[in-house]
Amino acid sequence: MTRYRPVCRVPATQRTDRSVSSRQEENPLTASNPSPGKRHVVAVFGANGHTGRFVVAELLRRGHRVVAMGRDFARLSAAFEQTEVELRAACLEDSDALGRALVGVEVIVNCAGPFLDTAEALVAAALRARVHYLDVSAEQASAQALFERFSVAAEDAGILVLPAVGFYGGFADLLATVATAGWAEADAVSIGIALDAWWPTPGTRNTGRRNTVPRVVIEAGKLAPKGAAGPSEWHFPAPFGRQEMAEVPFSEMVLIHRHLRAMQVRTWLNTRPLDDLSNPSTPPPVATDASGRSAQRFLVEVRARRGAEERRVTASGRDIYAFTAPLVVEAVERILAGGAHAGVRSVGEAFDAADYLRSLASHFDFDPSTLAADGAIRAPAAR
Ligand SMILES: NC(=O)c1ccc[n+]([C@@H]2O[C@H](COP(=O)([O-])OP(=O)(O)OC[C@H]3O[C@@H](n4cnc5c(N)ncnc54)[C@H](OP(=O)(O)O)[C@@H]3O)[C@@H](O)[C@H]2O)c1
């Protein structure tokens, strides 16, 4: 169980909700089937952050009504001056303000990290308000705490809680789900992540400092402390080729352990982005296209083994922060469409993983036609 450490730097006078009152007539549950012409209402907490802005843009692009939430009204105003989003400020330690800010909202996406400091308070508020909750945590301990603390309450409330639907976490869970499709059990699943650079946001740096919880892997089918692993190498498809790797498990361990039977799961990240991250002078990401994406390239390869059989699933794309937006918004769409089982779930467990990845095909390099019946996704052409 993690500790909730509220942080609020906003003077009380600035913590007013600008537009909550006009939405109070709406019931969140009935609003999940809006009448024709009425748009779904989706909130983003930490909306003014780097990732939050991508998520807001993706929700607007898909036609939703967006409530931009955060702890600092001035920062929200500055971030969304020109757009049609509603602004609602609420601090995590003020449960009444959180409750008011969630009125009329159907789904909330938490983009405020470290999630060890934000997720539990926000899930508790979401369950009280009967609002579906998603976050983009890479932190294992945060995801694990949500499963442990809220599984029963979420099922009882008929609400879906999806932790870690981001590049680190949910993406590997989806790829591993597809790679092991049809197998009762995998002997081993290895996840290799290659980045050509990592320009970290302040949130990433804060999270790295905050997240000192020892990491876990899957060994003998169970979550177990990560041992000391020496340097390794991985041969990726072009353009990455041979890479030096370090073992760095993220929240995907917790997600995969929820629903896939795999005796061993390990995650490796190439050392170059880790060098960027440990260098205090590495700058934050810089937009290099109209959508705000940086030039960063990623490639993720999942290798699943059962006896002598090995499957490889490979997917590549651009900008791990920007890519997290369509990844998590796809889950929002699927929740709003109905049919998913309430409770705390991993994204690969809650939805049809192959169909989910196919829906995202325009956002990363992966040809949906190569998604074979056996679950394999073959190496994509470079884009
Ligand atoms: N799993 C993944 O692949 C993935 C992908 C993207 C991001 N992330 C994670 O998402 C988090 C945010 O990243 P980012 O790039 O968006 O960082 P960012 O640009 O620095 O934004 C951080 C956001 O979180 C808010 N925040 C932080 N602590 C808070 C607290 N205690 N209460 C309320 N709000 C709080 C900040 O609010 P203020 O502006 O008021 O400080 C800001 O809106 C990080 O933990 C990062 O690791 C994960």
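The values are calculated or read from the model by the stated rules, or taken from the named source; none is laboratory data. The model shown is predicted, which means the values in this text are computed figures rather than measured ones. Please note: Cβ atoms are built from the backbone with ideal geometry, for glycine as well, and neighbour counts cover all protein chains shown.
Tell me which residues, restricted to the stretch 32-54, are at pLDDT 95 or above and either among the hydroxyl-bearing types (S, T, Y) or near the ligand (Cβ under 9 Å from one of its atoms) (or both).
Those that are at pLDDT 95 or above and either among the hydroxyl-bearing types (S, T, Y) or near the ligand (Cβ under 9 Å from one of its atoms) (or both): F45, G46, A47, N48, G49, H50, T51, G52, R53, F54.
Going by the structure shown, is S278 in the same structural domain as A184 (by TED's automatic domain parsing) and either among the hydroxyl-bearing types (S, T, Y) or within 30 Å of V152 (Cα to Cα) (or both)?
Judged against the criteria, S278 is a match.
For E148, indicate whether it is surrounded by fewer than 20 Cβ atoms within 10 Å (Cβ to Cβ), farther than 18 Å from V213 by Cβ and either at pLDDT 95 or above or within 16 Å of the ligand (Cβ to nearest atom) (or both).
The answer is no for E148.
State yes or no: is E93 within 11 Å of the ligand (Cβ to nearest atom), in contact (Cβ under 8 Å) with a residue 60 or more places away in the chain and not aliphatic (A, V, I, L, M)?
It is true that E93 is within 11 Å of the ligand (Cβ to nearest atom), in contact (Cβ under 8 Å) with a residue 60 or more places away in the chain and not aliphatic (A, V, I, L, M).
Since V178 meets every condition but one in (1) within 13 Å of the ligand (Cβ to nearest atom); (2) assigned to a helix (DSSP H, G or I); (3) in contact with a strand residue (DSSP E or B) (Cβ under 9 Å, 6 or more places away or on another chain), which condition does it not meet?
(1)
Considering only the stretch 94-148, state which residues are under 18 Å from P163 (Cα atoms) and part of a loop (DSSP other than H, G, I, E, B).
Residues satisfying the conditions are E106, C111, A112, G113, P114, R130, V131, V136, S137, A138, E139.
Could you list all residues from the stretch 287-343 that are out of contact with any Lys or Arg (no Cβ under 9 Å at 6 or more places or on another chain), of a type in the set (D, E, K, R) and touching a residue at least 24 places away in the same chain (Cβ under 8 Å)?
R306, E330 - these are the residues of the stretch 287-343 that are out of contact with any Lys or Arg (no Cβ under 9 Å at 6 or more places or on another chain), of a type in the set (D, E, K, R) and touching a residue at least 24 places away in the same chain (Cβ under 8 Å).
Among the listed residues A126, A157, which satisfies the condition of being crowded, with 24+ Cβ neighbours inside 10 Å and either free of Cβ contacts under 8 Å to residues at least 24 places away in the same chain or hydrophobic (A, V, I, L, M, F, W, C) (or both)?
Checking each option against the conditions leaves just A126.
Report, ordered by the first and then the second residue, all pairs with beta carbons closer than 6 Å, sequence separation of six or more or different chains, a first member in the stretch 66-78 that is in the same structural domain as A125 (by TED's automatic domain parsing) and closer than 11 Å to F45 by Cα, and a second member that is assigned to a strand (DSSP E or B) and small (G, A, S).
V67/A43; M69/A43; L76/A68; L76/G70
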